[in-house]
Each structure stands twice: as structure tokens, then as C-alpha cells.
Amino acid sequence: MAQRKRYLYDFSLFHSGTTLCDIPRVRITNVGRTVDQPAVVQLSSYYTFETNIEVRCAQIWAQNTFWILADPLLNDPEAILNGTIVSANTNEWTLSDHHLPFAHDLHALYFIFTIAQGGSNKTEEVYDKGYIIIEPLPLVAIISGETEITRGNKQNIILNGSKSYDPHVGRGALETLTFYWLCKKSNEQFPTENLLEIEVVSVPLHASGSDGGCFGTGIGRLESTEPVVVLNASVMENTNASYIFQLIVTKDARTSSDIKTVHVVEGSPPEVSLK
């Protein structure tokens with residue numbers, strides 16, 4: 001596909017058969033202009049950064065462009081020298097999954113334009129910069145099956161989070177994710193602070209205790225960090241009550257969650273889901 005270059009020419013510089021040249025001008029059109037107000041863009045959108053280039057000479061012998069991501073704390077010469085080139089030879093830079101390693105952090109984004117122009121073939125280098133934060137797609141946490149199920153007090157409760165995934169990696173790469181399982185009675189509330197700091201509770205061999213939660217030991221986090229957890233309903237604090245299981249999936253700075261309600265009843269009813 002042909003590159004869409006947008007050049008503006010200042011024809012007031014051309015007169016009497018003599019070519020006068022001035023330094024070109026460039027400006028990135030869609031970035032944040034200050035460190036505290038960066039442009040925040042999501043990686044999923046395949047967002048395109050664009051630059052307007054004003055070439056101010058009729059005689060152009062060569063030109064080159066670079067897009068660079070750099071530490072925003074560096075001064076411009078150091079940033080340009082030590083930054084990472086993310087694109088070249090175009091006045092546009094489009095995000096893709098390849099740029100996931102740059103996500104979360106604040107970056108200075110530079111557009112460098114070099115041109116050899118005029119009768120003396122003089123080289124000019126100009127640049128513009130802005131500030132950006134690239135946000136990756138959120139994780140997808142999924143507990144398989146219906147959001148509400150009924151199990152008898154002698155049956156197994158199977159919690160399957162193996163369909164959870166990172167959209168940038170795809171399904172099946174469970175080794176890149178961390179799984180946490182929380183449990184409480186339906187009439188209880190999870191604390192509002194960091195859920196991952198909730199105390200781990202051991203699953204008893206038999207129902208015991210009277211401090212609430214799923215096992216009579218209070219609201220808690222299961223010991224297992226596996227994508228699939230199997231519990232026997234007989235260990236629940238009350239064999240005729242409803243419980244909420246929450247799956248939290250984490251990776252890098254991202255977190256996602258899903259919940260399932262389990263109604264435990266006496267006996268062994270057919271294992272059908274409630275809608």
C-alpha cells in the first residue's frame with residue numbers, strides 16, 4: 001500500500017528562478033503535549049499516530065523518517081540517541097500486538113525527519129515529540145457454564161476457569177496467567193480493599209466452624225491457583241445455602257474477574273444449571 005505522505009510546500013520561497021530553502025517543520029497531530037497529560041491509547045484499536053510535514057524547499061535530494069519511543073525523563077538528544085525505533089520511512093505509526101512490551105509505561109514519542117535539500121544539498125534534521133501511554137487489552141476471565149448452578153450436598157462443585165485468556169496471546173496459553181479463587185456466602189460481602197490480599201483458607205475435610213464464608217472459617221481465598229478447582233459440596237459450611245465463587249485472573253498489571261453462584265441443597269439433584 002502506498003504511503004500517504006502529506007507535505008506542504010511554501011511557494012513564497014521560490015522566485016526569480018532561484019530556489020530558497022528553509023528548515024522544514026513537523027508536528028505529530030495526536031499526542032499528549034505534557035508529561036502529566038499523555039495520550040492514552042488502547043493497543044486493541046491499532047491506533048495510528050500521524051505527523052504533518054511542511055517541506056519548505058522545491059529541491060529535495062533525500063529524506064528519511066523515524067518514530068522513536070524513549071524515556072520521558074531524558075533530554076531530547078539523549079532520548080533520540082538511546083530510544084527505540086518503532087517505525088521508519090513513513091509519517092504514520094500504527095500500533096499492533098508487537099508493541100505489547102511497551103504497554104503500561106509512560107513514553108516520549110519522537111518523530112524525526114531528515115531531509116537533504118536545496119542547491120547545496122544541505123541536510124536538515126527536525127523533530128517533534130509528545131507523550132503517550134499504551135494500554136493493552138484487558139484480560140478475559142471466564143468460569144465455564146452458567147452463572148448459577150445447583151449441586152447436592154454429596155456432589156462435586158467443579159469450577160473451570162480454563163477458558164480465560166489474554167487477548168494478545170489467544171486462548172490456551174494458561175501458563176501465562178495466574179488464577180485466584182475467592183469464596184463467600186451469597187449474603188456476605190467481599191472487602192473493598194485488594195481482593196488478592198484476602199487470607200487463604202484451607203478446605204476442610206468436613207464442614208466445620210461457624211465464622212461464615214464457604215467453610216465456616218470466614219470469607220477467604222482458596223489455596224489452589226490452578227485454572228480448575230474441584231470441591232465436594234459436603235465440605236461447605238451449610239449444606240443448604242448459596243455461595244459465591246469469584247475467579248480473579250492476573251497478568252502483568254492487568255486483572256479480570258468472573259463469578260459463579262452455587263446453590264447447595266440436600267440430596268443429589270440432577271446437575272442442571274439455573275438461568
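Readers should treat all values here as calculations from the given coordinates under stated rules, not as data from a laboratory. All values derive from a computational prediction rather than experimental measurement. Glycine gets a Cβ as well: all are built from the backbone with ideal geometry, and neighbour counts include every protein chain shown.
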Computed log₁₀ I(q)/I(0) - Debye formula, equal Cα scatterers, no solvent, the stretch 7-135, q 0.12, 0.22 Å⁻¹: -0.50, -1.23
Cα-centre dipole for the chain with unit charges at Cβ (Lys and Arg positive, Asp and Glu negative), debye to 20: 700
Hz values of 3J(HN,Hα) by residue in the stretch 178-193 - Karplus curve (6.51, -1.76, 1.60), Gly and Pro given as x: 10, 10, 10, 10, 10, 8, 7, 6, 5, 8, 9, 10, 5, x, 7, 6
Cβ-based net charge around Leu139, under 10 Å, with every Lys or Arg adding one and every Asp or Glu removing one: 0
Stokes-Einstein D (µm²/s) once Rh is taken as the Kirkwood radius of the stretch 124-195 over alpha-carbon pairs, at 20 °C in 1.002 mPa s: 128
Local net charge near Leu74, Cβ-Cβ under 14 Å (Lys/Arg +1, Asp/Glu -1): -3
Cysteines (scope the chain) whose Cβ has no counterpart Cys Cβ under 4.7 Å: none
All Cα pairs of the chain, percent lying beyond 34 Å: 46
Principal axes of the stretch 29-95: Cα extent on each, largest first, Å: 40, 29, 19
³J(HN,Hα), Karplus 6.51/-1.76/1.60, whole Hz, each residue of the stretch 29-39, x for Gly, Pro: 8, 9, 10, x, 9, 9, 4, 7, 9, x, 6
DSSP bridge orientation in the stretch 7-135 - percent antiparallel, rounded to nearest 5: 85
The chain: Lys pairs at Cα distance under 17 angstrom, eight or more positions apart or on different chains: 5
Debye, to nearest 20: dipole size of the stretch 127-275, +1 on Lys, Arg Cβ, -1 on Asp, Glu Cβ: 320
Mean separation of Cα contacts under 8 Å (6+ apart) over length of the stretch 7-135, as relative contact order %: 34
Glu148 long-range amide H proximity, modeled H, under 5 Å: Thr261, Leu274
Relative contact order (%) - criterion: Cα under 8 Å, at least six apart; region: the chain: 18
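To the nearest 20 Debye, how big is the dipole of the stretch 155-204 about its Cα centre, given +1 on the beta carbon of each Lys and Arg and -1 on that of each Asp and Glu?
280
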Ascending count of other beta-carbon atoms within 10 Å, so fewest first, for Cys183, Cys57, Cys214: Cys57, Cys183, Cys214
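Arrange the following residues from fewest to most other Cβ atoms within 10 Å of their Cβ: Trp93, Trp61.
Fewest to most other Cβ atoms nearby, the residues stand as Trp61, Trp93.
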Fewest-first ranking of Lys154, Lys184, using other Cβ atoms within 10 Å as the exposure measure: Lys154, Lys184
Estimated vicinal HN-Hα couplings, Hz - the stretch 160-170 in sequence order (Karplus 6.51, -1.76, 1.60; Gly, Pro = x): 10, x, 6, 8, 5, 6, 9, x, 7, 10, x
